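Q: Below are the structure tokens for one structure; questions will follow.
The values are calculated or read from the model by the stated rules, or taken from the named source; none is laboratory data. Just so we're clear, the structure is a prediction, and the values are computed from it rather than from any experiment. Cβ sites come from the backbone with ideal geometry, for glycine too, and all protein chains shown count toward neighbours. For the accessible areas, the whole protein counts, side chains as well, though only heavy atoms, and no ligand, DNA or RNA atoms are used. Shrake-Rupley method; radii C 1.70, N 1.55, O 1.52, S 1.80 Å.
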Amino acid sequence: MVIRSFQRNLFFSIGGIFLVFAICFSIYQYHREKNYKIDILHSRLQMYNYEMMQSLGEEGIMEDSLFDDYMHSHVIDRLRVTVIDIHGNVIHDNCTELDSLQSNHLLREEVKEAMIKGNGYDIKRTSQSTHETYFYSATRFGNLIVRSAVPYSTELTDSLKVDNAYLLFAIALTLLLGFVLYLNTRRISRHIGYLREFAVKAERGEELDHELERRLPDDELGDISHTIITLFWKLRHSEEDKQRIKRQLTQNAAHELKTPTASIHGYLESIISNPDMPQDKRQHFLERCYAQSTRMTKLLLDMAQLTQLDEMPAALTRNADSVNLIDIIPIINNVLDDTALQLQEKGIEKNVELPSRIIISSNLNEPEGAIYSLFRNLVDNTIAYATGATRMSITYKDGEFVVADNGCGVPIQHLPHLFERFYRVDKGRSRKLGGTGLGLAIVKNVVLAHRGTITAETTPGGGLTVRFRFLYDEPCSSQH
């Protein structure tokens, strides 16, 4: 019902505009053709007036005998010729005695136009003297006006009548275009109906198929409809991905928390069940409880940070105007200072090639903390998992950061998954080292929060290389 209403409104709105145009054009054409035929008759009578004046001259036309001779020698059936001076007095009239022409002709329509424009006509007026209806055409020659007139007869009426063939053509063309318009509006409404059917099914949560997409036209309307449907599928898949990630995160979090929770529970249960337990063993159990609780705390903090980063796109939209400009070089230096002892213990030499300043724009509420977490997780990842590494480098060139090591590297099949949450190349070893499996996921989300890109690849000669860049940064030229 809604689609039919749309088709009806579209058809009548466009059809109404076209119909008004057709009517206006027909009226214009009617008057144009009528004036054209009048102009032809007027031109013919004007030619007769010019020929008379050219033959007789202004002085000759004043002579009665010359005027009468010309009229007898140039006879046109029922043609009436009148000579009038500029004061409106009749000098000659071949159809009426002058005594009966007492009225002044200066106010006649054709005479007034001739006085002003040089020639004029009056389409249909009844003569006061002959009581016949004439078509008058007057021409001014100096101080005289020559007026010729033909009475309205059946032949003259037919010759001035407008040919209505164009009206029939206009009506036929209007009907044809109206039919074409109907087919097009029906086609448009049908395709809009397909799109509406898709929207209704999507709103009701019904099963969707791709048959509706195949029925869409291959034109601008089809492109718009395909774009809308594509955006819907992307949104739907995005929502499904979010739900999948949430379920996966919940399952992984529960799995990761289960081990330290069970360990803490077991150690405490042993301490409570054995009050006479030796002090050194009790101390060992308490230290293990503390280590497991530290691991749980780190895991919960990492999960909280990831949750905050997940909500970042909406925050960026709301705070689009609140941009923070920060220099990240001091942050990187803090990370290197905080991890210097661990790097030294692992025998890893750091190689840093950075400008003296790198200014980035950030919409985050606490950008310094996010940037610190990014570089700290990268360095911690090198310390914990780059077995055999002797060198770690942090460089910046052409807007790209590169963090690389020469350790054992990562098998190539694991590279696409490194930034996934809770993903571990060696699950047993990672847990023993206290890793949460969220470090590189945090790194990726911090980069994405700054509208950047990040990739991981194998370092030539062995090791892992992480490349990333932010959307907006401004380095200085000096290195340190």
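Q: Can you tell me which of (1) under 60 Å from the mean Cα position of the chain (by Cα); (2) in a strand (DSSP E or B) is the one Thr82 doesn't meet?
A: That leaves (1) as the condition not met.
Q: Kindly check whether there is at least one residue in region 5-17 that is in a loop (DSSP other than H, G, I, E, B) and either exposed (fewer than 13 other Cβ atoms within 10 Å of the Cβ) or at pLDDT below 85 (or both).
A: The answer is no, given that none of the residues of region 5-17 is in a loop (DSSP other than H, G, I, E, B) and either exposed (fewer than 13 other Cβ atoms within 10 Å of the Cβ) or at pLDDT below 85 (or both).
Q: Are any of the residues in region 247-261 of a type in the set (Ser, Thr, Tyr) and at pLDDT 70 or above?
A: yes
Q: Give the residue that is nearest to Met47 (Cα to Cα), with candidates limited to residues of region 122-132 that are open to solvent by less than 50 Å² (accessible area, probe 1.4 Å) and of a type in the set (Ser, Thr, Tyr).
A: Of everything passing the filter in region 122-132, Ser127 is nearest to Met47 (Cα to Cα).
Q: If you don't mind, there's one more thing I want to ask. Give the residues of region 69-82 that are within 23 Å of Gln128 (Cβ to Cβ) and open to solvent by less than 90 Å² (accessible area, probe 1.4 Å), sorted by residue number.
A: Met71, Ile76, Leu79, Arg80, Val81, Thr82
Q: Here is a further query. Give Val146, Val75 a once-over and let me know the one that is out of contact with any Phe, Trp or Tyr (no Cβ under 6 Å at 6 or more places or on another chain), in contact (Cβ under 8 Å) with a residue 24 or more places away in the chain and under 24 Å from Ser55 (Cα atoms).
A: Of Val146, Val75, the one residue that is out of contact with any Phe, Trp or Tyr (no Cβ under 6 Å at 6 or more places or on another chain), in contact (Cβ under 8 Å) with a residue 24 or more places away in the chain and under 24 Å from Ser55 (Cα atoms) is Val146.
Q: Looking at region 164-171, is at least one residue closer than 30 Å to Ser26 by Cβ and of a type in the set (S, T, N, Q)?
A: Scanning region 164-171, I find at least one residue that is closer than 30 Å to Ser26 by Cβ and of a type in the set (S, T, N, Q), so the answer is yes.
Q: Is it fair to say Leu45 is modelled with pLDDT of 90 or more and open to solvent by less than 50 Å² (accessible area, probe 1.4 Å)?
A: In short, yes.
Q: Out of all the residues in region 170-177, is one or more under 30 Å from Tyr48 (Cα atoms), of a type in the set (A, V, I, L, M, F, W, C) and modelled with pLDDT of 70 or more?
A: The answer is no, given that none of the residues of region 170-177 is under 30 Å from Tyr48 (Cα atoms), of a type in the set (A, V, I, L, M, F, W, C) and modelled with pLDDT of 70 or more.
Q: Scanning region 133-173 for residues that are part of a helix (DSSP H, G or I) and among the hydroxyl-bearing types (Ser, Thr, Tyr), which turns out least open to solvent (accessible area, probe 1.4 Å)?
A: Among those residues, the one meeting the criterion is Tyr166.
Q: A further question follows. State whether one or more residues within region 367-387 are part of a loop (DSSP other than H, G, I, E, B), in contact with a strand residue (DSSP E or B) (Cβ under 9 Å, 6 or more places away or on another chain) and open to solvent by 20 Å² or more (accessible area, probe 1.4 Å).
A: Among the residues of region 367-387, not one is part of a loop (DSSP other than H, G, I, E, B), in contact with a strand residue (DSSP E or B) (Cβ under 9 Å, 6 or more places away or on another chain) and open to solvent by 20 Å² or more (accessible area, probe 1.4 Å), which makes the answer no.
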